[in-house]
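Worksheet for the structure shown next.
The values are calculated or read from the model by the stated rules, or taken from the named source; none is laboratory data. Only a predicted model underlies this, so the values are computations on that prediction, with no experimental measurement involved. Counting neighbours? That spans all protein chains shown, and the Cβs are built from the backbone with ideal geometry, glycine included. Surface accessibility is based on the protein's heavy atoms, side chains included, excluding ligands, DNA and RNA. Shrake-Rupley method; radii C 1.70, N 1.55, O 1.52, S 1.80 Å.
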Amino acid sequence: MIVGLGLALCWLSGGVFTGLVGQWRHDENYSHGFLVVPFAAFVAWTRRDALRRARSNPSWGGLVLLVISLLMFTAGKLGAELFLTRVSLIGVLAGSCAFIWGRAHLRILAFPLACLLFMVPLPAVIFNPLTFPLQLIASTLGEGVVRGVGIPVLREGNVLQLPSRTLEVAEACSGVRSLMSLMMFAVVLGHFTGERAPARVLIAATAIPLAIVANAMRVAGTGIASEWISPAAADGFLHLFSGMVTFVIALIGLLAVQRVAARVPVLIRRPSLVEGGW
């Protein structure tokens, strides 16, 4: 039965997973997807001893979740809704685990299964309304920094007019890429440092403003470099390098928040739960 279910799942997910990999390759906003599956597999592997010790007690609730997930998959296929079909596969995995082995096994694998959500690109109905406000925030904050160092700048929406050139904060520079990557890192950091739930929520929530500020600093740095060095400095390697530097700074900020959270009595740290749970 387990072998048959595994083969059925492979057949079911083959085309969907191929499409996911293709989007990871061509859409830089979700290139971190290549790291998600190996990471989730690694976390599951570290819990192998707990899985062996857990008592097998198949749950009919798992079958219900499995059926609901398959219905979601079917609805997504019929409606050409990629997000629904992709998320449903995670539900199929969770439901299969509970149905075959039981809820104890599902609790142990809850975190790596939940991490798989980071590999699924946001649906257009969420992604599109999200990008333009982020572009405006980045351009507004970037304008303030550029003006603060004495460079005249005129902002029109997400376009910055500098003396030497015009900079457009395009969709690719909205910060969604760094936001998704930083959120994933925040969740992983909170888990492996053994923080309690309030601290984990704080660390994950802090990733949002950190990603926004880091992207705004990248926009400002690009504008300043184009004026103080040359207009060409806003393109090519320096543009890419500035993105890497600001992301590393955001990571350092996240680590600082974690260290502070570990010292606040209300958010006091507890031992990491490698045996299961969140």
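Tabulated results
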{"item": "Gain upon complete extension [residue 249, residue 197; 0.36 nm per residue less C-alpha separation]", "result": "16.2 nm"}
{"item": "Rounded FRET efficiency, nearest 0.05, which uses the C-beta distance separating residue 114 from residue 71 and R0 of 22 Å", "result": "0.55"}
{"item": "Segments 105-116, 138-149 sorted - mean Cβ within 10 Å per residue, highest first", "result": "105-116, 138-149"}
{"item": "At least 30 Å along the helix axis (C-alpha) and Kyte average at least 0.5, DSSP helices within the chain", "result": "2-26, 124-148, 197-228, 236-261"}
{"item": "Where the chain is the region considered: accessible area per residue in Å², 1.4 Å probe", "result": "52 Å²"}
{"item": "Accessible surface of the range 121-202, 1.4 Å probe, proportion on carbon and sulfur as whole %", "result": "68 percent"}
{"item": "Nearest-20 debye value, the range 103-218 charge dipole, Cβ charges on Lys, Arg, Asp, Glu", "result": "380 debye"}
{"item": "Cβ-derived FRET efficiency at R0 51 Å, residue 235 paired with residue 63, nearest 0.05", "result": "0.40"}
{"item": "Efficiency of FRET between residue 27 and residue 52 - r from beta-carbon atoms, R0 41 angstrom, step 0.05", "result": "0.60"}
{"item": "Heavy-atom SASA rank of 31, 96 (probe 1.4 Å, accessible area, largest first)", "result": "31, 96"}
{"item": "Dimensionless Rg/Rh of the chain - Kirkwood Rh, Rg from C-alpha atoms", "result": "1.05"}
{"item": "Selected from 136, 151, 253, residue furthest toward positive end of dipole (the chain; charges at beta carbon)", "result": "253"}
